[in-house]
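Note sheet for the following structure.
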Amino acid sequence: GSAVSLEDVRKTYQLAEAVHALDGVTLEVPRGSYTAIMGPSGSGKSTLMNLVGCLDTPTEGRVIVNGEDVTELDSRERTDLRGTQVGFVFQTFNLMPRLSALENVALPQLFQGASRRQRRERARRLLERVGLADREDHLPNELSGGQRQRVALARALVNDPAIVLADEPSGNLDTDTEADVLDLFSEFHEGGTTMVVVTHERHVAERAERIVHLLDGRIERIEQLESGAGSD
Ligand code: ADP
Ligand code: ADP
């Protein structure tokens, strides 16, 4: 089955004239796959991310996340689906500045019924997997950019979501740090996590198994890659 599927999705903004941000997009994101989304500015990448991430609903068509038809949910149900089934990674990390690394990773579990102790244990395991076990009490501003993005990745994964959505995840990182963070993405993908990465950077996109090229709100083509290049 698919982690996410889009069926003939349209998103239209009614300005002076109608703007078709997405104009008939059909896309399956299989469980365990690694997809990159590329396209020029204005091609619909953010709109697509917002739909897949249950932040928005389409004007027409269906968006199905982990078997749930997002278009049939009210905003409260969409928030719940997003909180449990989507992990977000942002270019600017978006960590809570007054919370420690461990508390940041533990936070999304408030959607779940786990006890405080269970939440901390789970967060600690994720911090170990991103190589930051020795940084759990650090505040975000006491961490390097690469470390912050690793905390953000741990946070994105803590609820074991159906999909991880990353928007220019290495846009603020230097080359070496970028490689480390992308290696981690590859590692989690190999462990079964479904990854979707939006990027302008060809070398970032080439870590994925396929690149979906958007142009003017449509899928221009889907490029299959040999493997995730550079994943080992
Ligand atoms: P990208 O992320 O690839 O730059 P977007 O999804 O942001 O593309 O935008 C696709 C198109 O939809 C653009 O023409 C943009 O101007 C328009 N658009 C996006 N969001 C809105 C909005 N909230 N209101 C009006 N037009 C929008
Ligand atoms: P990485 O390459 O792993 O992202 P850096 O080489 O940038 O890390 O940082 C090396 C060490 O310096 C890290 O262990 C980090 O904790 C510490 N460090 C980096 N930036 C800061 C900062 N702004 N404040 C405090 N410590 C920092």
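Count of the stretch 54-84 residues, restricted to those that are under 12 Å from the mean Cα position of the chain (by Cα) and either buried (at least 22 other Cβ atoms within 10 Å of the Cβ) or part of a strand (DSSP E or B) (or both), is 1.
Residues of the stretch 25-39 that are open to solvent by 70 Å² or more (accessible area, probe 1.4 Å) and within 15 Å of ligand 1 (Cβ to nearest atom): none at all.
Filtered by the rule that a residue be within 14 Å of L107 (Cα to Cα) and either of a type in the set (S, T, Y) or open to solvent by 20 Å² or more (accessible area, probe 1.4 Å) (or both), the stretch 140-157 gives a lone residue, R155.
For the stretch 130-182, a residue qualifies if it is away from ligand 2 (no atom under 11 Å from the Cβ) and free of Cβ contacts under 8 Å to residues at least 24 places away in the same chain, and the qualifying residues are A133, D160. For the residues D176, D160, D137, D180, the requirement of being open to solvent by 30 Å² or more (accessible area, probe 1.4 Å) and within 27 Å of S2 (Cβ to Cβ) singles out D160.
Note on the stretch 1-24: residues that are within 11 Å of ligand 1 (Cβ to nearest atom) and not charged (D, E, K, R) total 10.
Rundown of residues vs (1) touching a Gly at 6+ places or on another chain (Cβ under 6 Å); (2) β-branched (V, I, T); (3) within 30 Å of D8 (Cα to Cα), yes/no style:
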residue	(1), (2), (3)
D134	no, no, no
P140	no, no, no
R148	no, no, no
A156	yes, no, yes
G171	no, no, no
D183	no, no, no
L214	yes, no, yes
L225	no, no, yes
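Please go through the stretch 99-136 and pick out each residue that is under 18 Å from the mean Cα position of the chain (by Cα) and among the small types (G, A, S). Scanning the stretch 99-136 gives a single hit, A106. From the list V19, V70, V63, V86, the lone residue that is touching a Phe, Trp or Tyr at 6+ places or on another chain (Cβ under 9 Å), of a type in the set (A, V, I, L, M, F, W, C) and more than 16 Å from ligand 2 (Cβ to nearest atom) is V19.
The values are calculated or read from the model by the stated rules, or taken from the named source; none is laboratory data. Keep in mind the model is a prediction, meaning the values are calculated, not measured. Quick reminder, even Gly has a Cβ in these numbers, built from the backbone with ideal geometry, and neighbours come from all protein chains shown. To get the accessible areas, we keep the full protein, side chains included, count just its heavy atoms, and leave off ligands, DNA and RNA. Shrake-Rupley method; radii C 1.70, N 1.55, O 1.52, S 1.80 Å.
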